[in-house]
Amino acid sequence: MDFGLSEELMSVRELAREFAEKEIAPTAAKDDREHTFRRDLVAKMGEVGFYGCVIPEQYGGTELGFLALALISEEIARVHSAIRVYINMQTGPALTLLKASSEEHKKRWIPSLIRGEAIGCFAITEPDAGSDVAAMRTTAARNGNGYTLNGTKTWISNATVADTAVVFAYTDRAQKHHGMSAFFVELDRPGVSRRDLDKMGAHASPTGELVFENFHAPRQSLIGAEGEGFKLCMWHLNHTRLSCAAGAVGVARAAREAAVNYSNQRVQFGQKIGQFQMIQDLIAQMIVQEEAARLLVYRAALLADQRRPNNLETSIAKYAAAEAAAFNADAAMKILGAYGYSTEFPVERYLRDAKSYQIVEGSANIQKLIIAQDALGYRKANR
Ligand code: GRA
């Protein structure tokens, strides 16, 4: 089914599919097992233009749009979900710079991020501020020619490998949401230490801690104006959630494909297991989960491409896609049995990676509260 995608978008999808099969698939299991950060792949994906879809040509982008970004994210995640995270680490910071930084910063950093040269990351989460972003404690105190950052960021993708970071911190805590600011900093400076954190899946995407101790951020590193950080953060998350949701569709699809293939091969009780209705029940549910999630992702992406508000639709897509990934990976494991549980086959990796989508970029519960509170009229999602 082509959903009426343009020739251009279909060729982008084809390019991403071939790239994933050729460059990522052969070592996906090994990269996961050995926790390898594929810096070479960050660069290669930059060279083929995967990070430039939503960036204007003047900064080296392709302007293909959010739907193109979603198609690419799905194809990459289908083969290895952890590698999909690289897309958000390069595209997210570039987009935030595009939205609010000085022209000088845009010219200096956006091309480098989307070519995959400067490794990016974004630092929101803290030990006591996960879903509750405004509870963060990191501060940015004005000094003579800039700001002094102090605080601990945790569960940061790329923390130990990034050259640059978008960091959110309070310039004035007393003003709560209106006292948060955003900074774009280079990390090879004194005053920052980092360490890796281990986790259940997404092993080829490093996650860690960034500790700022009297870290000097020059005045030009401020993105937007002081106090605009929280809104910028929500804006940033709305865009990175889309690639994340598309990645979850990729995992849902990989699990469904594995289940269908296996059901057509495995013989038990004298027939292919696909002939059994209990298997058919699971496969039907997997197809529905996957296709519904994909359509929701496409809708959110199309709205973004039409420059229309899409926070609500993005939350719906992110929630549905993460649930689809988790459901499909779990169902695939039921169908494959011991071969699903075995580390020799990818289904156990799909299940480990799928769970991350219910947590990152706003947990399932956060998406649900955004959706329900909009419906109830308590808090509009599209503002
Ligand atoms: O009325 P006001 O002027 O005070 O402004 C309020 C509101 O209008 C203020 O912020 C404004 N605001 C927004 N403005 C524009 C809120 N949301 C938006 C928006 N979307 N756009 C305060 O608003 P509030 O509603 O009272 O805020 P809150 O209750 O403190 O927080 C809201 C919420 C819970 C939704 C938010 O904190 C949130 O989204 N939390 C989830 C955090 C999250 O997603 N973390 C992800 C970390 S990064 C990551 O996971 C990387 C993974 C990489 C990968 O896999 O790709």
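Laboratory data are not the source of any read-out in this text; all were calculated from the coordinates shown. Values in this document were obtained by computation on a predicted structure and should not be read as measured data. All Cβ positions, even for glycine, are placed from backbone atoms using ideal geometry, and neighbour counts span all protein chains on display.
A few points about this structure:
- Stokes-Einstein D in µm²/s, Kirkwood radius over Cα pairs - the range 190-260 at 10 °C with 1.306 mPa s viscosity: 99
- Database remark: amide H of residue 345 closer than 5 angstrom to no amide H (H placed geometrically; neighbours at sequence offset of 5 or more, or on other chains; Pro and chain starts carry no H).
- The range 199-303: C-alpha pair distances exceeding 19 Å, %: 67
- For the chain, diffusion coefficient by Stokes-Einstein and Kirkwood Rh (Cα), 20 °C, 1.002 mPa s, µm²/s: 101
- Sequence of 233, 244, 53 once ranked by neighbouring C-beta atoms within 10 Å, starting from the fewest: 233, 53, 244
- Straightening the chain between residue 193 and residue 117 buys 25.2 nm, computed as 0.36 nm per residue apart minus the Cα-Cα spacing.
- The distance linking the range 125-182 with the range 308-339 is 31 Å (Cα centroid to Cα centroid, whole angstrom).
- With 28 Å as the limit, the listed pairs 153/334; 107/355; 99/318; 44/334; 199/368; 99/380 have 153/334; 107/355; 44/334 beyond it between alpha carbons.
- Considering the range 1-66 at the alpha-carbon level, its Rg and Dmax are found to be 14.1, 40 Å.
- Expressed to the nearest 5 percent, the antiparallel share of DSSP beta bridges inside the range 54-177 is 65 percent.
- Projected area, mean over directions - the range 97-159, Cα convex hull, nm²: 5.5
- Within the chain, helix-based [θ] at 222 nm, where runs of 4 or more DSSP H residues each add -39,500 (n - 2.57), nearest 500: -16500 deg cm²/dmol
- Full-stretch length increase - residue 57, residue 271 - with 0.36 nm per residue and alpha-carbon distance subtracted: 71.5 nm
- Summarised in one figure, the compactness ratio Rg/Rh of the range 123-243, Cα atoms and Kirkwood Rh, is 0.95.
- Each of 119, 273 was scored by other Cβ atoms within 10 Å of its Cβ. Listed from fewest to most, they are 273, 119.
- Relative to its Kirkwood radius, the Cα radius of gyration of the range 91-130 gives an Rg/Rh of 1.08.
- A simple count of charges around residue 313, restricted to other residues whose Cβ falls under 11 Å of its Cβ and scoring Lys, Arg +1 and Asp, Glu -1, yields +3.
- Residue order, fewest to most surrounding Cβ atoms within 10 angstrom, among 51, 170, 339: 339, 170, 51
- The slack in the chain from residue 141 to residue 299, taken as 0.36 nm per residue of separation less the alpha-carbon distance, amounts to 52.7 nm.
- Percent of beta bridges antiparallel (DSSP, the chain, rounded to nearest 5): 90
- Here the Karplus curve 6.51 cos²θ - 1.76 cosθ + 1.60, taken at θ = phi - 60°, turns the phi angles of the range 36-47 into couplings of 8, 7, 8, 4, 4, 6, 4, 5, 4, 5, x, 4 Hz, with x standing for Gly and Pro.
- For the range 333-383, alpha-carbon Rg over 2.2 N^0.38 Å: 1.75
- Shape box of the range 124-178 [Cα atoms, principal axes, largest first, Å]: 29, 28, 14
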